[in-house]
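A short reminder: the numbers here are calculations on the coordinates, not readings from a lab. Given the structure is predicted, the values throughout are model-derived calculations rather than measurements. Using ideal geometry, Cβ is built from the backbone for each residue, glycine included, and neighbour counts are taken over all protein chains shown.
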Amino acid sequence: MKRNSLAFQFYTCSNLSNNKNLSTELFFDEHLEEIRQRCFQTITLILVFILIAFLDIKDIVKILEVPVENVRFFQSSPGEYFLSTLKISFYTGFIFSIPILLSQIIFFLLPGLTSREKKLIIGLLLSSVVLFLSGLLFSYFVLIPAALTFFLNYSVDVIEPLWSFDQYFSFILVLFLSTGIIFQLPVVQVMLSFSKIITGKQMLESWKYVLLLATVIGAVLTPSADPLTQILLSSAVFFLYILGSFVAIFLTKSI
């Protein structure tokens, strides 16, 4: 009887172990399949947005040329403008796909999060999108016109403004990307605060060092050497830091 009882216990334990291993494999297989589907959907939508941007490339180019006036563009080689439009289509399609990419991440993470974590993650991702788009608008309406006006006024009555379109696009692309990334600063501050690495109060107490760092960042990330654009970018960095500090203090108290 003892032998039969021991054999039954061993058989039961082995079945439970096999069932656990099987359920674990099924769990990972389901998640891998979900990741594949979401990646496929995201890549497909990005390609669709890139195609739409390429079909409307003339309108997009006209929009990009708005910040500069009294300037004639040229292409130094037969395929330069075509390659530039391909780059513009890619970046435009990718930028407009960012909300979809973040929504896919949200839908994948939500089932395994608590209600508090869901609120925090959704808020951070949505804030990241809004701040990134705000950075693009700030660059388009403030930084780019300021930089181009400086260069045009500096060379007025001496050199005729005749620019390569590819170089012009590369110039504004750097400003777009740098400001879009810099405008993520409040999101990073909130994450650091919730990770208990540094509090919002400590961030505010370090404002003098941040002011110096913002000046350095403005000088490094500005593709032009004009002081006006550097001052504007540095001011934006410092303002975002102060804003992020207050938001971190408020959220740690309310959530």
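Some values worked out for this structure:
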quantity	calculated
FRET efficiency estimate (nearest 0.05) - Cβ-Cβ, Val174 to Lys253, R0 30 angstrom	0.20
Straight-distance crosslink candidates among aspartates and glutamates, where the alpha carbon sits under 16 Å from Lys253 and sequence neighbours closer than 8 are dropped	Glu117
Projected label distance in nm at Leu228 and Leu51, using a 7 Å step from Cα toward the beta-carbon	4.3
Per-selection Kirkwood Rh - the range 115-255 (Cα, Å, 1 d.p.)	16.5
Signed unit charges on C-beta, dipole axis of the chain, positive-most listed residue Ser103, Leu204, Leu120	Leu120
Gaussian network model of the chain, springs between alpha carbon atoms under 10 Å - residue of Gln37, Gln104, Gln230 with greatest fluctuation	Gln37
Hz values of 3J(HN,Hα) by residue in the range 83-98 - Karplus curve (6.51, -1.76, 1.60), Gly and Pro given as x	5, 5, 5, 5, 5, 4, 5, 5, 5, 5, x, 5, 4, 6, 8, 4
Value of [θ]222 nm, deg cm²/dmol, for the chain, DSSP H segments ≥ 4, -39500 (n - 2.57) each, nearest 500	-28000 deg cm²/dmol
GNM flexibility winner over the chain from Val158, Val71, Val220 (Cα, springs under 10 Å)	Val158
Length released on extending from Phe194 to Leu162, taking residue separation times 0.36 nm less the Cα-Cα span	6.4 nm
Residue-span extension gain [Ile242 to Lys119] - 0.36 nm each, minus C-alpha spacing	42.0 nm
Calculated FRET value between Phe82 and Leu204, using beta carbons and R₀ = 51 Å, to 0.05	0.50
Prolate/oblate/rounded label for the range 70-130 (Cα gyration tensor, a/c 1.5)	prolate
Dipole moment magnitude, nearest 20 debye, the range 115-255 about Cα centre, only Lys, Arg, Asp, Glu C-beta charged	1020
Structure-derived Rg and Dmax of the Cα atoms in Å - corresponding label in (1) 26.2, 108; (2) 17.8, 54; (3) 22.0, 75	(1)
Net dipole in debye of the chain [+1 Lys, Arg Cβ; -1 Asp, Glu Cβ; about Cα centre; nearest 20]	1420
